[in-house]
Amino acid sequence: MLTVIMECRDHEPELAQTLAGLVAGAVEGLVSDVVILDHGSTDGSSRVAEAAGCRFYEQWDMQEVVRAARGEWLLVVEPGARPAGSWIDEICEYIALNTAPAQFSPSRNHRLPLLRRLGRKASPLEDGLLLSKRQAMDLVKSGTKLCELPRGLRMRSLSAELVPARVARQTRAGLQQALRG
């Protein structure tokens, strides 16, 4: 079983996209719960999380969040990121055979051109993070942010791809611009 954890702030549409992408994992019995750690959202993020049955925290201690996770493995992603392809089978097989942390492969369909990738500092969670609850307990301390978890970890790559959150953010920005223009 897998607990999905995300941090958000005013990411209502992106959160909805990610949660919609996780439904198949819940139906298959892989995703046991989803935890949303909110940083003062003023949009409908809490309503989206509540409607999807997520645990929504406005204040939290990361050690308690990890300890309360129902799954023995944690999947940390950014709001807007969506697992693609056969991600359910890939994760099930991976957690059955491995103990090392892993990340998704970048989406080939949403890869940035070479010149845009050069010198770009990608988010530490752009490709997600899959790690055991035990590993997370060893890493987290009070005040730990999710984006700090991958630091120093030697991760394996899953063959399953993750559509990065930046795609959802770019889509939202383009829609907002079109509505104004």
Inside segment 66-107, can you point out the residues that are farther than 17 Å from Arg55 by Cβ and of a type in the set (Gly, Ala, Ser)? Gly80, Ala81, Ala84, Gly85, Ser86, Ala96, Ala100, Ala102, Ser105, Ser107
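Consider Ser132 carefully, then state whether it is modelled with pLDDT of 90 or more, among the polar types (S, T, N, Q) and either loosely packed, with under 15 Cβ neighbours inside 10 Å or more than 15 Å from Val76 (Cβ to Cβ) (or both). Give the steps one after another, and end with the answer.
Details: modelled with pLDDT of 90 or more: yes; among the polar types (S, T, N, Q): yes; either loosely packed, with under 15 Cβ neighbours inside 10 Å or more than 15 Å from Val76 (Cβ to Cβ) (or both): no.
Taking the combined requirement at face value, the residue does not satisfy it.
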Using beta carbons and a limit of 6 Å, which pairs, at least six apart or on different chains, have the first residue in segment 81-101 and farther than 11 Å from Leu30 by Cβ and the second one surrounded by fewer than 17 Cβ atoms within 10 Å (Cβ to Cβ)? Ala100/Arg156; Pro101/Leu153; Pro101/Met155
So, in segment 81-120, exactly how many residues are charged (D, E, K, R), more than 17 Å from the chain's Cα centre (by Cα) and at pLDDT 95 or above? 2
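Say we look at segment 50-79 and pick out the residues that are acidic (Asp, Glu) and within 13 Å of Lys133 (Cα to Cα); which of these is modelled with the highest pLDDT?
Filtering segment 50-79 for residues acidic (Asp, Glu) gives 50, 58, 61, 64, 72, 78.
Next, from what is left, pick out any that are within 13 Å of Lys133 (Cα to Cα): 64, 72.
Numbers: Glu64: 94, Glu72: 97.
Of everything passing the filter in segment 50-79, Glu72 is modelled with the highest pLDDT.
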When you scan segment 41-49, do you find a residue that is in contact with a strand residue (DSSP E or B) (Cβ under 9 Å, 6 or more places away or on another chain), surrounded by 20 or more Cβ atoms within 10 Å (Cβ to Cβ) and closer than 16 Å to Gly128 by Cβ, even just one? no
Residues Arg151, Arg156: which one is among the basic types (Lys, Arg), under 24 Å from Arg108 (Cβ atoms) and either surrounded by 12 or more Cβ atoms within 10 Å (Cβ to Cβ) or under 17 Å from the mean Cα position of the chain (by Cα) (or both)? Arg156
Segment 58-98 - residue that is of a type in the set (S, T, N, Q) and part of a loop (DSSP other than H, G, I, E, B) and, of those, surrounded by the fewest Cβ atoms within 10 Å (Cβ to Cβ): Gln59
Cβ-Cβ under 7 Å pairs, at least 6 apart or on other chains, segment 10-39 side closer than 12 Å to Pro83 by Cα and part of a loop (DSSP other than H, G, I, E, B), far side modelled with pLDDT of 95 or more and hydrophobic (A, V, I, L, M, F, W, C): none
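The values are calculated or read from the model by the stated rules, or taken from the named source; none is laboratory data. Computed from a predicted structure; not experimentally measured. Heads up, the Cβs are rebuilt from the backbone with ideal geometry, glycines too, and the neighbour counts pull from every protein chain shown.
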